[in-house]
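The values are calculated or read from the model by the stated rules, or taken from the named source; none is laboratory data. What you see is a predicted model, and the numbers here were worked out from it, not measured in a lab. Backbone-built Cβ (ideal geometry, glycine too); neighbour counts: all protein chains shown. Surface areas here come from the heavy atoms of the whole protein model, side chains and all, with no ligands, DNA or RNA. Shrake-Rupley method; radii C 1.70, N 1.55, O 1.52, S 1.80 Å.
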Amino acid sequence: MCQFCGVDPAFAAFFENTQGVPQDPSVIPTQPTPAKPNFFRLKPKLSNMASESKTLNESQLRSFHNSLSQNAQVITETDGKLYTDAIRRWSKCAIKPALAVIKPGTPEDILLAKSHKVHFTVKCGGHSPGGASSSDGGIVIDLGLMNSVTAKADEQTIIAGGGALWRDVSRVAAEYGLSCVSGSTSHVGVGGLILHGGYGYLAGEHGLAVDNLIAAQIVLADGSIVWASEEENSDLFFGIRGAGSRLGVATKFVIQAHEQRKSVWGGPLTFPGSQYEAVINALNTWYHQKDVKGAAELVLAKGVDGIAGIIIMCFYNGTEEDALTNFAPLLQLSPATNATTEMPYWRINTLSEGKDVYTDDNIRFASGNLTPPLDPQHIRKLLDSLDHLYETVPSAAKTGCLTLCIQPDGILKKKRTDMAFCWRDANFDVGIGANWTDPAAESKVVEWQKEFQKLVSTGGDDYRLYGNHEDFRGGAREFGINYLKIIQLKKKYDPENLFRRV
């Protein structure tokens, strides 16, 4: 029986079984659980059906809503502002008119229209500028209600719901003197970042965010709800650590935390573009000190003088005295502005954010990387390219690129074949953020971004791509040596390509 029209007996029977999925998020089952119904099956396939519905009407969606848990929501266009808010995204480019937004309250609520062949996608933080968490005419599974975060301080672990944001994790961890490796922006979703890599200020010490994933609860394409870890479903655990969105829906994470001092040091230093050679040479000198507690974001963006300039976002996980010594090569250059100071760790990841999670800008990302030491003349070419864009497309004034400079020690603790995410080297990750306000300028900006990406790649590895910055368009270039293994796991866990294609 269709779940949109009535209750599937297998579905109902599962909820009568008290021995199903554990409710305690810290418990990972070690004994086999009873057979579970296919949560993606809305009605049985009938071989004599000439065609299957590719849409669902309002009545079916409301009936479906009644079968969900008490707090779950089904939002459609008829819900007005509630719907408008539900499809809003960080980038205006990513807004798409979904048929419905389903906000599950539990993993068991994730019931998708597989037999109706309605396209669906999963949203955690909504930060993907290309629309990976949006659907045009399909269903969005918005995990936002599943956003609880708890700490097990004695085990130095954080347990986060599939819809939690990193700011939620950082603040809970801070209450116990802990921190987790996260990105350098606090309002991104935990799932998107941790399942596909996760570069951040602490990565030099503790590895990438994905390296600190202990276990995850996954809803699979066959409807089963399982835990993946080194001890249980280890092949799935290999796959989700780098290709997570391709293999299932992650509804809970167990994350390794680390002892964290109360304050760190950091903030922006700004320099005019004309000072590029001295700044890049100083940045190279800073990097060659090989201090894993230090990190720096090299930001190329339009300055107050109207031309491309340089911002160094400094970070040091130690005392101010040690930080000033570590960053002396850059501080000695007398930056135009110096806003560095001591602050809690959670705050350092909010410095580049606006007041709202979502913007009104059109934003597209592209991935790049640079091999240290950096070449000042190569950076000069990047600045020149940005200036050309600012001159020819005035509405693209917020466009820029960000290079995260960290020591490779933490990243190299894992081998390329330890998990799906394979990029284990000293290269700096580069995120190229194209940003424009005039819709008519899109084609020009996108074309510029493609050429800029090629220019960046001349200073690094022109094959590798980071999925979170490439909006999961990279295919084999995201997974490198592990690509064929990911294909095999895809056939095993999602043979019908219910989830995002590899």
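Residue under question is GLY431, and the condition is that it be crowded, with 21+ Cβ neighbours inside 10 Å and at pLDDT 95 or above; does it hold? Criteria met by GLY431. Hey, does the range 56-72 have a residue that's crowded, with 19+ Cβ neighbours inside 10 Å, in contact (Cβ under 8 Å) with a residue 24 or more places away in the chain, under 30 Å from PRO344 (Cβ atoms) and hydrophobic (A, V, I, L, M, F, W, C)? There is no residue in the range 56-72 that is crowded, with 19+ Cβ neighbours inside 10 Å, in contact (Cβ under 8 Å) with a residue 24 or more places away in the chain, under 30 Å from PRO344 (Cβ atoms) and hydrophobic (A, V, I, L, M, F, W, C). Looking at the range 283-302, which of the residues that are open to solvent by less than 10 Å² (accessible area, probe 1.4 Å), of a type in the set (A, V, I, L, M, F, W, C) and in a strand (DSSP E or B) is farthest from PRO344 (Cα to Cα)? Within the range 283-302, the match that is farthest from PRO344 (Cα to Cα) is LEU300. Considering only residues in the range 237-269 that are crowded, with 22+ Cβ neighbours inside 10 Å and over 19 Å from the mean Cα position of the chain (by Cα), the one that is nearest to VAL181 (Cα to Cα) turns out to be VAL264. One residue stands out among those in the range 303-316 that are in contact with a strand residue (DSSP E or B) (Cβ under 6 Å, 6 or more places away or on another chain) and open to solvent by 10 Å² or more (accessible area, probe 1.4 Å): the one that is farthest from ALA282 (Cα to Cα), which is GLY303. Figure legend. Inter-residue proximity from the range 371-387: first residues in contact (Cβ under 8 Å) with a residue 60 or more places away in the chain, second residues loosely packed, with under 15 Cβ neighbours inside 10 Å and assigned to a helix (DSSP H, G or I), beta-carbon distance below 6 Å, spacing 6+ or different chains. Indicated pairs: PRO376/GLU277.
Every condition in (1) assigned to a strand (DSSP E or B); (2) of a type in the set (D, E, K, R); (3) open to solvent by 40 Å² or more (accessible area, probe 1.4 Å) is met by ASP360 except one, and the failing one is (1). Of GLU205, GLU230, all but one fail to be out of contact with any His (no Cβ under 9 Å at 6 or more places or on another chain) and more than 26 Å from GLY105 (Cα to Cα); the exception is GLU230.
Restricting the range 130-157 to residues that are closer than 13 Å to ALA173 by Cβ and of a type in the set (Val, Ile, Thr), the residue that is most open to solvent (accessible area, probe 1.4 Å) is THR150. Checked against (1) open to solvent by less than 30 Å² (accessible area, probe 1.4 Å); (2) β-branched (Val, Ile, Thr); (3) within 18 Å of the chain's Cα centre (by Cα), VAL122 meets all criteria but (1).
Cβ separations smaller than 7 Å between residues 6+ apart or across chains give the following pairs from the range 389-409 residues that are under 16 Å from ILE312 (Cα atoms) to residues that are open to solvent by 10 Å² or more (accessible area, probe 1.4 Å) and in a helix (DSSP H, G or I): CYS405/TYR287. Out of LYS96, LYS114, one residue alone is open to solvent by 40 Å² or more (accessible area, probe 1.4 Å) and either closer than 18 Å to VAL357 by Cβ or at pLDDT 85 or above (or both). It is LYS96.
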